[in-house]
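Bear in mind that the values in this text are calculations on the coordinates, not laboratory data. Remember, it's a predicted structure, so these values are computed and weren't measured experimentally. Don't worry about glycine lacking a Cβ; one is built from the backbone with ideal geometry, like all the others, and counts go over all protein chains shown.
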Amino acid sequence: MSAGTVTALNPGPALDVERIRTDFPILHQEIHGRPLVYFDNAATAQKPLAVIETLDRYYREYNANIHRGVHTLSERASTAYEGARGKVRDFINAASEKEIIFTRGTTESINLVAQSWARSNLKAGDEILITAMEHHSNIVPWQLLCEQIGTVLKVAPINDRGEVILEEFERLLGPKTRLVSIVHISNVLGTVNPVSRMIERAHDHGAMVLVDGAQAAPHTPIDVRGLGCDFYAFSGHKLFGPTGIGVLYGREELLEAMPPYQGGGDMIKMVTFEKTLFNDLPYKFEAGTPHIAGAIGLGAAIDYVAGVSLPAIQAHEHDLLAHATEAVSAVDGIRIIGTSAEKAGVLSFVMDGIHPHDLGTILDHEGVAVRTGHHCAMPVMEHFGVPATARASFAFYNTRAEVERLVRGLENAKQVFS
Amino acid sequence: MDLKDLYQEIIVDHNRQPRNFGPMEDADRSLEGFNPLCGDRLTLYLKLDGDRIRDIRFDGSGCAISVASASLMTEALKGKTLAEAEALFEEFHDLLTAGQPDPDPDKLGKLAALAGVRDYPTRVKCATLCWHTLHSALEGDEKPVSTE
């Protein structure tokens, strides 16, 4: 599952990265006169032609609202939309398509669980356990809930490598713990959490588990039944699909018992002013016209990734990460933030005497796009005592030659500030 | 666009050795400024003599643009009247706003070194954080200033 164990997965033949790059038109441009090096994949990934053309075809050929028209276009749109749901089901190995809720993204998926499941099942004093490496989207929804109903947010600490301290995590699990909400792969540190073990321990205490898979979905095979999680959330746009579409997986019996998240069209069977009968799963949670093109585009992205092969992607990204870690560490004055033994393709770092923001501007001048800032994880910044980091994050279309460009950019930054 | 237009020698120098840097024990006014986008944080200290800025210092951490801008600002404002300070803020603001005519270099002095920032829209907030903080401090605000 993790970078560290990738070799055991027998990745098969190496990726033909040059051929893959031809599938991503955006990569073939110059920024400030230099070929673009896109190392901001953890923020959002680029889209293959297969996705772009799928969106184009939908709007050109069969744009229509779903689940309500008897006309041909509506039927085609509905079939494609539900077909995408099936692809998601297969992609994460869910038991049923009823367990796949389309949302706007990971953030909305987490908010849905907070406001529907947690708000109706938890009471004042009940505890929600997260980790210190969570993205703001897996912190703030719980804080809102705590203000609403008096639940208590507990935070499992991390060590200086950026790993959850499992003994502390397990110590925090108790009879009051009702929900554990944990990130699968950290967007700042790259840490791959031992989610299977964490889920098992949480279940031992009778707590439900939500896994934030925003960074995991593009990099590692996901098997929700294998993991045994109760909820799993991820976004389409980090998985080479469109923005504005994401997924919440929930176990059917949980979803069945949950109240709707939003009210509106499509989530009902019958409405009178006296009483409304809610629709079946998954439609109960999809009020209003959804992002139809987005869902169909996500289906195309999943097909594309499946065609490339995730084990081969993992092996390639593992090689890139290992190479980049070595090359960037060798630059004088660099400190890597996040050195977990189990890591995915994310490399956060700071440089002596040069603020990450300045690094970001200088690298951009070299055509190298990295993210700088707190990465929506201010508590992680605080833990490592830095205001911000620079972050290079990799996808399967990145190359070792691009890593060299990053390293040259860092050397150049030193020149600018010398 | 040349990177050297942004990171001029004087900016690199003021970043490495900021002037008027460190807390002021007997300040009349102090105010915090914060740029949530990049985590830049500064505290501005003022000692006033009637409507004149007798002393001004700053403290905090940030990118080269924000530190150099604050350092240059404190140099430019020492001894100025409050009206002169506000007028300079306006000139400086024009300097960083694309589409405005080039401001008078005589009025801006060393601050003109930050002109390159206008070509980097995402960095303008870095250069203006200290000035917005100053403006609020002079208005008597006590709530920290945020650029967002």
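For this structure, a couple of remarks:
- Derived scalar couplings between HN and Hα for region A:114-119 equal 5, 7, 9, 5, 5, 5 Hz in order, rounded to whole Hz, by the Karplus curve 6.51 cos²θ - 1.76 cosθ + 1.60 (θ = phi - 60°), x for Gly and Pro.
- Cβ-based exposure ranking for A:ASP90, A:ASP364, in which fewest neighbours within 10 Å come first: A:ASP90, A:ASP364
- 18 Å Cα-Cα reach of B:LYS47 towards aspartates and glutamates, excluding residues that sit fewer than 8 places from it in its own chain: B:GLU25, B:ASP26, B:ASP28, B:GLU32, B:ASP55, B:ASP59, B:GLU75, B:GLU84, B:GLU86, B:GLU139, B:ASP141, B:GLU142
- Share, in percent, of DSSP beta bridges within region B:18-148 that are antiparallel, nearest 5: 85 percent
- Those lysines that a straight Cα-Cα span of less than 21 Å connects to B:LYS125, excepting residues fewer than 8 apart in one chain: B:LYS4, B:LYS110, B:LYS143
- Residues whose amide H falls under 5 Å from that of A:VAL152, counting only those 5 or more places apart or on a different chain, are A:GLY125, A:ASP126, A:GLU127, A:ILE128, with hydrogens built in the peptide plane.
- Average beta carbon contacts from partner chains per residue of A:360-368, 10 Å cutoff: 3
- Converting phi to 3J(HN,Hα) with the Karplus coefficients 6.51, -1.76 and 1.60 and the offset θ = phi - 60°, region A:378-394 yields 4, x, 5, 4, 4, 4, 8, x, 10, x, 6, 9, 9, 9, 9, 10, 9 Hz in sequence order, with x at every glycine or proline.
- Shown for A:SER78, A:SER109: other C-beta atoms within 10 Å of each C-beta, ranked fewest to most, produce the order A:SER78, A:SER109.
- The alpha carbons of region A:1-153 give a radius of gyration and a Dmax of 21.2, 58 Å, in that order.
- Dipole magnitude of region A:267-384, debye to nearest 20 (Cβ charges: Lys/Arg +1, Asp/Glu -1, about Cα centre): 580 debye
- Its residues counted as N, region A:78-229 yields a C-alpha radius of gyration over 2.2 N^0.38 Å of 1.04.
- Choice from B:CYS130, B:CYS63, B:CYS38 showing the highest fluctuation, given a GNM over chain B with Cα pairs closer than 10 Å: B:CYS38
- Rounded Å value of the spacing that divides the Cα centres of region A:212-256 and region A:126-187: 19 Å
- Averaged over the residues of B:3-10, the number of partner chain Cβ atoms lying within 10 Å of the residue Cβ comes to 3.
- The loop-placed GluC sites (Glu not before Pro) in region B:1-76, going by DSSP, that have at most 14 neighbouring Cβ atoms within 10 Å of their Cβ come out as B:GLU25.
- Of the DSSP H helices in chain A, those whose Cα atoms cover at least 15 Å axially and whose Kyte score averages 1.6 or more: A:292-308
- Evaluating 6.51 cos²θ - 1.76 cosθ + 1.60 at θ = phi - 60° for every residue in region A:232-241, the Karplus couplings come out as 9, 10, 8, 10, x, 6, 7, 9, 6, x Hz, glycine and proline recorded as x.
- Simple rule: put +1 on each Lys or Arg Cβ and -1 on each Asp or Glu Cβ in chain B, find the dipole, and look at B:LEU44, B:VAL67, B:PRO144; the Cα lying farthest toward the positive end is B:VAL67.
- log₁₀ of I(q)/I(0) at q = 0.21 Å⁻¹ - chain B, Debye sum with one point per alpha carbon: -1.43
- DSSP H segments from chain B that extend 20 Å or more along their own axis, Cα-based, with Kyte-Doolittle mean of -1.0 or above: B:82-96, B:124-139
- Lysines with Cα under 22 Å of A:LYS87, excluding same-chain neighbours fewer than 8 positions away: A:LYS47, A:LYS98, A:LYS238, A:LYS284
- Under-5 Å amide H pairs with A:VAL183, H placed in peptide plane, nonlocal only: A:THR131, A:ASP212
- Using the alpha carbons alone, the radius of gyration of the protein assembly as shown stands to its Kirkwood radius in an Rg to Rh ratio of 1.01.
- For region B:1-45 and region A:259-335, distance of Cα centres in Å: 41 Å
- Remark on region A:180-286: Rg and Dmax equal 16.3, 52 Å (Cα only).
- The loop-placed trypsin sites (Lys or Arg not before Pro) in region A:74-152, going by DSSP, that have at most 14 neighbouring Cβ atoms within 10 Å of their Cβ come out as A:LYS123.
- Burial ordering of B:LEU77, A:LEU172, fewest other beta-carbon atoms within 10 Å first: A:LEU172, B:LEU77
- Inter-chain Cβ neighbour count for A:351-358, averaged per residue, equals 6 (cutoff 10 Å, partner chain atoms only).
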